[in-house]
Structure formats: C-alpha cells, structure tokens
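One structure below.
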Amino acid sequence: MNRILSIALAIIMLSTPTLLLAQASTDNCRGRVNRELAREQRLYRAYMFGKKRAEDAEVGNVRYDTDGWAWLKTIDENTPWINSSPGDQGLSWSNTIMDQEDEHAEIIPIKGIFETRRVMTSELIPYLLQNIRALECRTAALCEVSRFSEDKEGPDPFRIDEVQPIGCIKFRGLATWKECHFKTPDLSVASPADSRSYCDEITNQLIRREVQQLLLATEYDAGFRTLLQFAGNFDIFLREMRWPLTGTLRQAVQLIGQLERIPCFLSSCDSAPPVEQ
C-alpha cells in the first residue's frame, strides 16, 4: 500500500510542473492582454475627461507608471505618491518624478473633451464618437498583436512591421508579447485558441461598457450645461429687470412722501369740527 502511494505521489510530482507551466503561460498571456487593454482604456478616458499634472491632481487620485503599477496620491507635501507594487510598497515619489514616470508623460496635461467650455453638448458629440472609434481601433490592433505572438517562441519579443485592423489606420512600431509565445512543444494547443478568443471577448465587453458609460456621461453633461445656460440667462433677466422695478418703487415712495405737501383748495378742508349737540 505504501509502495503504491509512493508511486502515485511521484507521478503527481512529475506531472505537476508541466500542468503548472501550461496554466501559468495561459494566465500570463491573459494578464498581458488585460494590462494592454487597461492602458488603452485609461488613455481613452484621459482624452474624454482630461488629466492634470501630478501637483494639480486631487488627493486620492490614481496614476499608473510605465511598468503598469498604480500610484495613489496622499496628503504628504514632499512625496505624496505611494506605490501599490508588493515589492515597493514603501516607495514614494514626488510630483515631479510622477510626471516623468507617468504612462502618459509625453502628453500630459491633457484637456478632456468634456472640459471644453462655451459649447453645447451636441457640438461635442462628433469628437466623442471619434474618441470611442479610436479606442475600437487601438484595441483591435492589440488583438492582432496577440495573434502575431501565437506562433513565436522564446523570451524576446519580435518586431511587427505594421498592423492595420479593418477600417482603421496602420499601427507601426509594435512588438509581440513574450507572455503569448505559444510555439513550444510543452504547451497545449488550446493556449493559442484561448488567447485569441479571450482577447476578442474581453475587447467586445470593454467597448460595450465604454459605449454605455459614454452615453451616461453625455446625458449628464447635456443636463449640466443646460442648467448652467438656464441659470446664466435667468441672471441676465434678473439684472435687466432689477433697475426698472427698483426705480419704479423708489419713485412711488417719493411720490407718497410728497402727498402731505399738496395744498387743500376745497372749502371742506378749512371747515371747523361739527358742534356736539
């Protein structure tokens, strides 16, 4: 019985590394897809709502560096940004370093579309639709990169000359993802199929979610701008009405004060009081 148990444990120990390797590679590829899609989502929202410099950001604001780690702004004046990395949780950055290491360091500050003043929401709709279309093309390009990575092997990424999703511009300067290099004999053939289907599925979910949130944000912006326009026009109306109304009341009060100075020309005005009987 002990011999049989020992053989069974040995078989499990020998087979576990292969299973863990396949599972880890698939999970790593999914994780890389998630990180790349999240980066594009943050860029899309930055152009929609805007992104300030680190010193102007509110307390509690979250930023991401070029490695994909999140940073939270605190009330500390010297080094307000703290890291979420498990190995660097005690590390903190100043506002200057945060701007330099930010994933959007080359383009911040970003003025969002919804931050545009003195326009109606209907005038912003073409730019909002163009922004969501750009997100669709950029996420589609990422899924193409995932497909290019399937038949590669090794720990080094391979350069991709160009990627052009249907209906989009060409994307150049991209490289394959080493986490999705599945051309090795030890991995299951299901891994590339899993990577391909996962990227398409998660991208469709992301686009649908952002479209619904864009609809909500547009409705809110339209209501807010309408309220501001109504308040501004009502203030103008009150200012225009204030002076005629105030002047009329002032003239009426002055007229009432002058009534006692009006002389009495009637004989009844000088008549004596009646004699009591």
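The values are calculated or read from the model by the stated rules, or taken from the named source; none is laboratory data. It should be emphasised that the depicted structure is a prediction, and the values quoted were computed from it without experimental measurement. Neighbour counts run over all protein chains shown; Cβ positions are idealised from the backbone, glycine included. Protein only, heavy atoms only, side chains kept; ligands, DNA and RNA dropped before computing areas. Shrake-Rupley method; radii C 1.70, N 1.55, O 1.52, S 1.80 Å.
Taken over the stretch 22-38, the criterion of being open to solvent by less than 70 Å² (accessible area, probe 1.4 Å) and not small (Gly, Ala, Ser) is satisfied by THR26, CYS29, ARG32, VAL33, ASN34, GLU36, LEU37. I'd like to know if the stretch 90-113 contains one or more residues that are in a loop (DSSP other than H, G, I, E, B) and at pLDDT below 90. Within the stretch 90-113, one or more residues are in a loop (DSSP other than H, G, I, E, B) and at pLDDT below 90.
For the stretch 160-185, which positions are in contact with an Asp or Glu (Cβ under 7 Å, 6 or more places away or on another chain), free of Cβ contacts under 8 Å to residues at least 24 places away in the same chain and surrounded by fewer than 17 Cβ atoms within 10 Å (Cβ to Cβ)? Once the filter is applied, which keeps residues that are in contact with an Asp or Glu (Cβ under 7 Å, 6 or more places away or on another chain), free of Cβ contacts under 8 Å to residues at least 24 places away in the same chain and surrounded by fewer than 17 Cβ atoms within 10 Å (Cβ to Cβ), the stretch 160-185 yields LYS170, ARG172.
Residues are listed down the side, and each one gets a yes or a no for (1) surrounded by 18 or more Cβ atoms within 10 Å (Cβ to Cβ); (2) in contact (Cβ under 8 Å) with a residue 24 or more places away in the chain; (3) out of contact with any Lys or Arg (no Cβ under 6 Å at 6 or more places or on another chain):
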residue: TYR44; (1), (2), (3): yes, yes, yes
residue: PHE49; (1), (2), (3): no, yes, yes
residue: ASN61; (1), (2), (3): no, no, no
residue: TYR64; (1), (2), (3): yes, yes, yes
residue: GLY68; (1), (2), (3): no, yes, no
residue: THR74; (1), (2), (3): no, no, yes
residue: GLU77; (1), (2), (3): no, no, yes
residue: LEU91; (1), (2), (3): no, no, yes
residue: THR96; (1), (2), (3): no, yes, yes
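Among the residues of the stretch 122-131, are any modelled with pLDDT under 95 and in a loop (DSSP other than H, G, I, E, B)? No, the stretch 122-131 has no match at all. Of all residue pairs spaced 6 or more apart or on separate chains, those with beta-carbon atoms under 7 Å, a first member in the stretch 147-159 that is surrounded by fewer than 16 Cβ atoms within 10 Å (Cβ to Cβ) and a second member that is part of a helix (DSSP H, G or I) are PRO155/LYS178; ASP156/LYS178. Here GLU115 meets the list (1) of a type in the set (D, E, K, R); (2) open to solvent by 60 Å² or more (accessible area, probe 1.4 Å); (3) without any contact (Cβ under 8 Å) to a residue 40 or more places away in the chain almost entirely, failing just condition (3).
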